[in-house]
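Beneath this line is the structure, given in structure tokens, with notes to follow.
The values are calculated or read from the model by the stated rules, or taken from the named source; none is laboratory data. This one's a predicted model, so the numbers in the text were calculated from it and none came from an experiment. Heads up, the Cβs are rebuilt from the backbone with ideal geometry, glycines too, and the neighbour counts pull from every protein chain shown. Protein only, heavy atoms only, side chains kept; ligands, DNA and RNA dropped before computing areas. Shrake-Rupley method; radii C 1.70, N 1.55, O 1.52, S 1.80 Å.
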Amino acid sequence: MRVLVAIPALNEATVIADVLASLSVAHPLRDVVVIDDGSRDNTARIARAAGAHVLSHAINLGVGAAMGTAFKYAVLNGYDAVIQFDGDGQHRAEQISELIAAAEHSDIVIGSRFANGGSFKSSATRRNVQRFIAWVTSAFARTRLTDATSGFRIAGPRALQVFAEHYPVEWLGDTVESIVLATRQGLSVSEIPVVMNERAGGVPSQSVLRATLYTGRILFILGLATIRSVPPQIKALKLREQEAGA
């Protein structure tokens, strides 16, 4: 497969050069695109100088919109799959090959911090929220997931075609609602265990109030995902696939 690594980035000038240097050891930078999502610093210039392709949004639109741009770019340039990769140094480039290998058997593969007893550090409140979100998303997707909000994932050929036509843009929709969207189209979703680095500046704290609001928003997104009609462009894509297979 031709695999594109897509990096949504907002004001990551202090770390993007190091991220791309690490990534270049595992994946050619000619197959990396940085989606500069309205940065006010030198993120785009530094990424371009390092050898990555750069697409820039004039304003900050969010990770979902950035990945929507990346999926469209991938289809237009003949890629078969897209890996989402953080621009803050949290994801490990050496595990890209594991995602690609797993994508031979699943349309979407999520790199899970918690699969197989993973020990990624987070506060008790935050971890309980993540467990609950994973449990609810698993019920919607009808497959067991442990890290539904992980942004380290690969979309294979069939998922790429769907996401290039439509990708959720609401906050957190890029991780959670996209899973529901994919499974409603009959796509398969699985996980592999990965190790992630800590964010710069330590593990973010989360109060009980913020955790409650966060969980409520996720439940709202999942509710919307189940009652929303399938976007017309996805229906047209599915019809074309059915006609091709007839």
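Counting other Cβ atoms within 10 Å, keep those with at most 16, restrict to DSSP loop, and tell me which trypsin sites (Lys or Arg not before Pro) in the range 23-108 are left.
R40
Skip the ligands, DNA and RNA, and give the accessible area per residue of the range 61-112 with a 1.4 Å probe, whole Å².
34 Å²
Skipping prolines and chain starts, which residues have an amide H placed within reach, meaning under 5 Å, of the one on A13, given they are 5 or more residues away or on another chain?
Those qualifying (amide H under 5 Å, at least 5 residues apart or on another chain) are N42, T43.
Quick check: from the Cα gyration tensor, does the range 1-153 come out rounded (a/c under 1.5), prolate or oblate?
Prolate, because a/c is 1.5 or more and a/b exceeds b/c.
If you count only protein heavy atoms and use a 1.4 Å probe, how large is the accessible surface of R153, to the nearest 10 Å²?
Near enough 20 Å² of accessible area.
Determine the distance separating the Cα centre of the range 10-28 from the Cα centre of the range 56-96; give it in Å without decimals.
13 Å
Can you give me the distance in nm between label points at R45 and D18, each placed 7 Å from the Cα along the Cα-to-Cβ direction?
Distance between the two pseudo-spin positions: 2.1 nm.
Could you check the simple spin-label distance between A26 and R2, using points 7 Å along Cα→Cβ, in nm with one decimal?
2.3 nm
What does the C-alpha gyration tensor say about the overall shape of the range 1-81? Classify as rounded when a/c is under 1.5, otherwise prolate if a/b is larger than b/c, or oblate.
Judged from the Cα gyration tensor, the range 1-81 comes out oblate (a/c at least 1.5, b/c at or above a/b).
Percent of accessible area on the range 41-173 owned by carbon and sulfur, 1.4 Å probe?
Carbon and sulfur together cover 53 percent of it.
Could you tell me the accessible area of S150 in Å² (1.4 Å probe, neighbours in place), rounded to the nearest ten?
0 Å²
Looking at the range 1-121 only, what percent of DSSP beta bridges run antiparallel? Nearest 5 please.
0 percent
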